[in-house]
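The next block holds one structure in the form of structure tokens; read it before the comments.
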Amino acid sequence: MSLGAVAGFALVFVVTTWTISALGVLALAQARSCLQRVGPMAERRAAEAVAIVPVVLGILAVVTLLLQSTVGVDHCEAHGHHAHLCVTHGAQWIERTWVVVGLAIVAATLLGRTVVVAASFLRGARSIRELHALSSAASGVRLVDSDRAFCFVARSGIYVSSRVWTSLSEGERAALVAHEAAHVRHGDLRTRAVLEAFLVLAAPLVGDRVRSAWLGASERLCDAHAASVTGEPEVVATAMVSMCRLHATQPVQASGFTPTVEEVEGRVRAVLAGGPLGAREAVVLARVVIATCVVLAIAGVVAAEPVHHAFETVLG
């Protein structure tokens, strides 16, 4: 395959992925109030779909075009008025200045995002290692003697500063531990890492919005779990207010019981209201998304020829 052909297929992937992710985040914004009423599990699943599905469909589009080019009818000689998405006749893409410049900008953007995400995770891991060395086990948490206010969960445990631990009541401590344990139960650390990897490939401005929706829903879900475990949603709410007053922070890429001033009111209202979690709706949404991707994959194979020519006409 020539470098030009690679550029053509890369262009298809970028255009498909960025278009669908942009449309997806617009749909997520329109549906967010409805999703919040349905429950945080459904909102989390919707945010995950907006991050993952565009990449999957971008890959499916490229695979479909590659199969058509490899085993389908060769129409390149008959259609000479545009560049071809073809492993044999695709050299023309590299001759188009806008394609080269556009792909170079995209590559620089993706590389920059990758470096930022990787550096963020590395800084977080280093901070956690340092805190682990300073911490001691106490009541199911790793207690760190520090005047800073923080509480978060990592793979190696739940880390709480002495300032937070001594400032909270016994009931608030239980709520805090239950919240962090819920992050572990839901696999949030692993899911967050996967989500960040997919968001590297998303269209500009999409990542922050998807991340915000997912994190907000995840925190409300863990708040609800803490209220269920302790049986005292009011205590969970007061614990959040106390943490906010302590100006609690958390290391990079960690999940913690640390609401910001902007979000504490919404989380307090949500935990006191005790609304639905949206578990059933989340399952239904996942099945619909998977079924849609399967149908689109089958349709792409069946209609490979017109899809192939449509991409060539639009992009070439």
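Values quoted throughout were computed directly from the atomic coordinates according to the rules given, and no laboratory measurement underlies them. All of these numbers come straight from a predicted model, not from anything done at the bench. A quick note on method: Cβ atoms are made from the backbone with ideal geometry, for glycine too, and the neighbour counts reach across all protein chains shown.
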Mean residue ellipticity (222 nm) of the chain, computed from DSSP H runs ≥ 4 via -39,500 (n - 2.57), nearest 500
-25000 deg cm²/dmol
Under 5 Å from the placed amide H of residue 154, counting only residues 5+ away or on other chains, we find 159
Per the C-alpha gyration tensor (a ≥ b ≥ c, the square roots of its eigenvalues), the chain is rounded if a/c is under 1.5, else prolate if a/b beats b/c, else oblate; here it's prolate
I need the shape label for the stretch 93-171. Rule: rounded when a/c is under 1.5, else prolate if a/b > b/c, else oblate, with a, b, c from the alpha carbon gyration tensor.
prolate
The stretch 29-38 - phi-based ³J(HN,Hα) in whole Hz, Karplus 6.51/-1.76/1.60, Gly and Pro as x
5, 5, 9, 4, 4, 5, 5, 5, 6, 5
Using the alpha-carbon centroid of each, what span in Å lies between the stretch 1-46 and the stretch 105-127?
20 Å
Can you list the HN-Hα couplings for the stretch 196-202, worked out from phi with the Karplus curve (6.51, -1.76, 1.60; θ = phi - 60°), rounded to whole Hz and with x for Gly and Pro?
4, 5, 6, 5, 4, 8, 6
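Within the chain, what percent of beta bridges assigned by DSSP are antiparallel, to the nearest 5?
Here the antiparallel bridges make up roughly 70 percent for the chain.
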Label-point separation (nm) for residue 292 and residue 155, each offset 7 Å from Cα along Cα-to-Cβ?
3.3 nm
Among 94-106, 25-37, 7-19, the order from most to least packed when residues are scored by Cβ within 10 Å on average
7-19, 25-37, 94-106
Residue 194-residue 167 FRET efficiency (beta carbon distance; Förster radius 30 Å; 0.05 resolution)
0.30
With charges only on Cβ, +1 for K and R and -1 for D and E, what is the dipole size of the chain about its Cα centre, in debye, rounded to 20?
540 debye
Can you give the FRET efficiency to the nearest 0.05 for residue 247 and residue 107, using r as the Cβ-Cβ distance and R₀ = 41 Å?
0.55
